Amino acid sequence: MFRWGVLSTAKIGRDQVIPAIVQAENGVLSAIASRDFARARSIADRFGAPHAFGSYEELLASDTVDGVYIPLPTSQHVEWTAKAAEAGKHVLVEKPLALDAKDILQLIELRDRKKVLISEAFMVTYHPQWLKVRDLVRSGAIGGLRHVQGAFSYYNVDPNNMRNVLSLGGGALPDIGVYPTVSTRFVTGKEPSRVQATIERDKKFGTDIYSSIRADFGEFELSFYLSTQLANRQLMVFHGDKGFIEVRSPFNAGLYEHHKIELHNQGHTEATVFRFPGTQQYQLEVETFARVAQGSKEDIFTLESSVANQKVIDAIFRAGDKEGWEAV
């Protein structure tokens, strides 16, 4: 059994990933760390972890942990991923891993030198609905892909939420802009060469709160919008000359809508619906991570893919400050 430690008691961990670790068939929750020991002990007791630590350093030094999950604020991801790798721990770190693609390069060197697994936690790449979309697109089910359309929005104006704190890496692009880009890259195996963007920032928070983006993939185009101050919406559409695929709840399946995709034919006269009820994408993520950390040869989200995805986000930010296209 892979022994997990968790650095911090963040909401994404409490609500999604820690329950997935507890439910996993090949892992066990061994330890929780917080800068507040009482908080660490409380969460450890809640989820049945035998160990609690009052500092992240103590957990990383412990021989009761094989690997760690890091849901710290974005601005701390690279720092603590590096410290965990130096301590010989495997690392599953929340997205976005970094705020600049070049900051990930040091982690690739660390991964190779310390012989540990480091992976950015893009749970969608383990969900069978996205594997099905990839298979359908690559098998020609919609003919030649010409356009991908996406939307991701929610409403959050809490000044204390890290998503609205610029110094912690807040903003729509770091938090949710990574999903339309990573899912399009995952499905097609292609990378964009250039982007255009319009970006609006909150006058009080300083964070980006709305973006409209075009990305040129050569054979097709990706266009999407995202916002942290619009009504909740998620959608991804892959449109070809012989049909199109709608992913009805692409990123938080089961929360925004059911786990399903719809394949429509060219004349929009027939539709095939694929459903994936009961799928736990976070559980699939942590189980796959544990197997690969223990030597299994399976697909996992690599640091090289993290660099490629972050380069797109970096280019979008640059494009938002200029007219016309920006090279990725």
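Taken together, the values in this text are just the output of simple stated rules run on the coordinates, not laboratory data. These numbers were taken from a predicted model, which means no experiment stands behind them. A quick note on method: Cβ atoms are made from the backbone with ideal geometry, for glycine too, and the neighbour counts reach across all protein chains shown.
Over segment 22-180, what per residue volume does the convex hull of the Cα atoms give, in whole Å³? Hull volume over Cα atoms, normalised by residue count, gives 167 Å³. For the chain, the longest principal axis of the Cα atoms and the long axis of helix 128-138 meet at an angle of about 40 degrees.
Summing Lys, Arg as +1 and Asp, Glu as -1, what charge do residues with Cβ under 11 Å from the Cβ of Ser305 carry, Ser305 excluded? Cβ neighbours under 11 Å give a net charge of -2. Relative to the longest principal axis of the Cα atoms of the chain, the long axis of helix 281-293 makes an angle of roughly 60 degrees.
Taking the three principal axes of the alpha carbon atoms in the chain, the coordinate ranges are 59, 43, 38 Å, sorted in descending order.
Here's the picture: a label point sits 7 Å out from the Cα of Asp241 along the beta-carbon direction, and within segment 138-154 the residues with their amide nitrogen under 13 Å of it are 142-147.
Each residue of segment 221-227 is assigned a 3J(HN,Hα), and the resulting list reads 10, 10, 10, 7, 10, 8, 7 Hz, derived from the Karplus form 6.51 cos²θ - 1.76 cosθ + 1.60 (θ = phi - 60°), x at Gly and Pro. Maximal additional length on extending the Arg113-Ala61 stretch stands at 16.9 nm, based on 0.36 nm per residue less the C-alpha distance. Of the trypsin sites (Lys or Arg not before Pro) in segment 85-120, the ones in a loop by DSSP (not H, G, I, E or B) with at most 15 other beta carbons within 10 Å are Lys115.
Applying a DSSP loop filter and a limit of 12 other Cβ atoms within 10 Å to the GluC sites (Glu not before Pro) in segment 125-222 leaves Glu219. Computed over neighbours whose Cβ is under 12 Å from that of Arg163, the net charge equals -3, Lys and Arg +1, Asp and Glu -1.
Potential lengthening of the chain between His268 and His147 amounts to 41.9 nm, from the contour at 0.36 nm per residue minus the alpha-carbon distance. For the chain, the longest principal axis of the Cα atoms and the long axis of helix 105-114 meet at an angle of about 50 degrees. When a/c reaches 1.5 or more, the comparison of a/b and b/c decides; with that in mind, is segment 224-279 rounded, prolate or oblate per its Cα gyration tensor? Judged from the Cα gyration tensor, segment 224-279 comes out oblate (a/c at least 1.5, b/c at or above a/b).
Loop-resident trypsin sites (Lys or Arg not before Pro) (DSSP state other than H, G, I, E or B) in segment 180-264 with no more than 16 further Cβ atoms inside 10 Å of their Cβ: Lys190, Lys203, Lys204, Lys242. With the highest mean first, a sort of the peptides 165-178, 266-279 on other beta-carbon atoms found within 10 angstrom per residue produces 165-178, 266-279.
Annotation: average projected area of segment 99-207 is 9.6 square nanometres, based on the convex hull of Cα atoms across all directions.
Could you tell me the distance between the Cα centroids of segment 225-280 and segment 63-141, to the nearest Å? Each part's Cα centre sits 26 Å from the other's.
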